[in-house]
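The structure appears below as structure tokens.
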Amino acid sequence: MAILVLGGAGYIGSHTVYELIEAGRDVVVADNLITGFKAAIHPKARFYQVDIRDRKAADQLFEREQIDGVIHFAAFSQVGESMKNPLKYYDNNLYGTTVLLQSMVAHGVDKIVFSSTAATYGEPERIPILESDKTVPTNCYGETKLAMEKMMRWTGIAHPMHYVALRYFNACGAHASGKIGEAHDPETHLIPLILQVPLGKREKISIYGDDYPTKDGTCIRDYIHVSDLAQAHILALDYLMKGGESDVFNLGNGVGFTVKEVIDVARAVTGHPIPSEVVPRRAGDPAQLVASSDKAKTILGWKPQLDSLETIVASAWNWHKAHPNGFNG
Ligand code: UDP
């Protein structure tokens, strides 16, 4: 029996595949390689180049492999792009998940762990954010992820299907082996962008606004190591295997850092002065996003191991230094 990881060539998906294989699991990866990289796929995983919108291909996969659980990362994830091209997000994220769930129901595969996001909350009503807080996404990406969660919930009411949705805060860092790490094109995330400065690929880092109601005026986020996120997927799958009820969990460290604090840590880790410049706010950025992950800790037994920002930035630096062009060298 194998675990099917959809989107296993992407950033968080590839790290989860590494953790699953290190834990001795049999892993099948399906990815259309639109945003993922073949080189990110663990050599011990069986790989199918499949798009989840292709029902025939999904059916063939479930017929060929004995799948007892699915981990679903296959989605587009750029906030800015989702605002410019919402239908691209509805097509891949929602239609793709519809086809996947149809195929799972048809083949009696009844457990799914789903990669969701803090963007489902929108502007938070309080900090730290609890799973029971209101979900009013402020961008189309978050809206599609929330709709995917709801699709699983209703499917689970009509069919014998159980799901866990994991709402990540700011995923960052890279695998300890240095073999895989973050590689987006275009890159929009803070830590890889900061590290492009010491790599000589960017002159300075832009700070998107310093007039937020926070201690130094810059936005506060909860940065969580990708390998800790990966572990949570395995725990969530095991929870479902043991008969756990469908549920939603936040995944973060519960500690917020400002943009300026993150830049300072990167200066210390890299030994580079990393010049910065304050530019106008980026549309749609909430001032503060910090998770309460108590529920994941209590119910799933999750405990982040790589929870210091220095460790996170150092692991990202280790990857980017060795792979300045990501998986292209
Ligand atoms: N940010 C920034 N400069 C950049 C990229 C990001 O100041 O070049 C800020 C952004 O406004 C946010 C934080 O860094 O407050 C984290 O942004 P990121 O895009 O990494 O993740 P998000 O919080 O949007 O999921």
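Each residue of region 307-315 was assigned a 3J(HN,Hα) from its phi angle through the Karplus expression (A = 6.51, B = -1.76, C = 1.60, θ = phi - 60°), giving 9, 8, 4, 4, 4, 5, 5, 5, 5 Hz with x at Gly and Pro. Which value, in Å² rounded to 10, gives the accessible area of residue 14 with a 1.4 Å probe and all protein chains present? For residue 14, solvent-accessible area is about 0 Å². Backbone geometry of region 49-60 corresponds, through the Karplus equation with coefficients 6.51, -1.76 and 1.60 at θ = phi - 60°, to 3J(HN,Hα) couplings of 7, 9, 9, 5, 6, 8, 4, 4, 5, 5, 4, 4 Hz, x marking Gly and Pro. Inverting the pair-averaged 1/r between distinct Cα atoms of the chain gives 20.0 Å as its Kirkwood hydrodynamic radius.
Go through 114, 257 and list them by solvent-accessible area, largest first, probe radius 1.4 Å. Walk me through the numbers on the way to the answer.
On the way: 114 0, 257 55 Å².
Sorted descending by solvent-accessible area, the residues read 257, 114.
Where the centroid of each part is defined by its Cα atoms, how far is region 109-129 from region 201-271 in Å? Taking the Cα centre of each part, region 109-129 and region 201-271 sit 14 Å apart. Placing +1 on each Lys and Arg Cβ and -1 on each Asp and Glu Cβ, with no other charges, gives the chain a dipole about its Cα centre of roughly 340 debye. Charges were assigned to the Cβ only: +1 to each Lys and Arg, -1 to each Asp and Glu. The resulting dipole of region 200-313 about its Cα centre is roughly 200 debye. Amide H neighbours of residue 117 under 5 Å, counting only residues 5+ apart in sequence or on other chains, H built in-plane at 1.01 Å? Those lying under 5 Å, H to H, from residue 117 are 168. For trypsin sites (Lys or Arg not before Pro), the sites in region 106-149 that DSSP calls loop and that have at most 15 other Cβ atoms within 10 Å are 126, 134.
Can you check what the net charge comes to around residue 168, using other residues whose Cβ is under 11 Å from the Cβ of residue 168 (Lys, Arg +1; Asp, Glu -1)? Here the charged neighbours net out to 0. Note on surface exposure: 83, 104 rank 83, 104 by accessible area, highest first, 1.4 Å probe.
Using C-alpha positions alone, give me the convex hull volume of region 1-90 per residue in cubic angstrom.
89
Quick one: divide the alpha-carbon radius of gyration of region 203-311 by 2.2 N^0.38 Å and tell me what you get.
On the way: Rg = 16.9 Å, N = 109, 2.2 N^0.38 = 13.1 Å.
Taking N as the residue count of region 203-311, the ratio is 1.30.
Normalised by the number of residues in region 228-329, the mean separation of alpha-carbon contacts (under 8 Å, six or more apart) gives a relative contact order of 41 percent. Among the trypsin sites (Lys or Arg not before Pro) within region 1-59, those in coil by DSSP and having at most 14 neighbouring Cβ atoms inside 10 Å are 44. Here's how it looks for residue 27: its modeled amide H is under 5 Å from those of 3, 46, which are all 5 or more places away or on a different chain. Computed with a 1.4 Å probe on the full set of protein chains, the accessible area for residue 175 sits at about 20 Å². Temperature 4 °C, viscosity 1.567 mPa s: under these conditions the Stokes-Einstein estimate for region 51-120, based on its Kirkwood radius over C-alpha pairs, is 100 µm² per second.
Among the trypsin sites (Lys or Arg not before Pro) in region 230-329, which ones are in a DSSP loop with at most 12 other Cβ atoms within 10 Å of the Cβ? Mind listing them?
In loop regions of region 230-329 (DSSP not H, G, I, E or B), the sparsely surrounded trypsin sites (Lys or Arg not before Pro) are 242.
Accessible surface for the chain, divided over its residues, is 42 Å² per residue with a 1.4 Å probe. Based on Cα atoms of region 123-211, Rg over Rh with Rh as the Kirkwood radius reads 1.07.
The calculated FRET efficiency for the pair residue 98 and residue 26, based on their C-beta separation and a Förster distance of 22 Å, comes to about 0.25. Semi-axes of the equivalent ellipsoid of region 202-259 are 35, 14, 8 Å, computed as sqrt(5λ) over the eigenvalues of the C-alpha gyration tensor in descending order. Karplus-derived 3J(HN,Hα) values for region 170-179, using 6.51 cos²θ - 1.76 cosθ + 1.60 with θ = phi - 60°, are 8, 5, 7, x, 8, 4, 4, 5, x, 7 Hz; glycine and proline are entered as x. Around the amide H of residue 67, modelled in the peptide plane, lie the amide H atoms of 2, all under 5 Å away and 5 or more residues distant in sequence or on another chain.
How big is the dipole moment of region 1-133 about its Cα centre under a simple scheme where the beta carbon of each Lys and Arg is +1, that of each Asp and Glu is -1, and everything else is neutral? Debye, nearest 20, please. It would help to have the intermediate numbers written out before the result.
Values: 12 positive and 17 negative charges, 79 e Å.
So the magnitude is around 380 debye.
Rg and Dmax of region 257-317, both derived from C-alpha coordinates alone, stand at 15.2, 43 Å.
The values are calculated or read from the model by the stated rules, or taken from the named source; none is laboratory data. Just so you know, these numbers come straight off a predicted model, no measurement behind them. Cβ coordinates were reconstructed from backbone atoms using ideal geometry, including for glycine residues, and neighbour counts include every protein chain displayed. Surface areas here come from the heavy atoms of the whole protein model, side chains and all, with no ligands, DNA or RNA. Shrake-Rupley method; radii C 1.70, N 1.55, O 1.52, S 1.80 Å.
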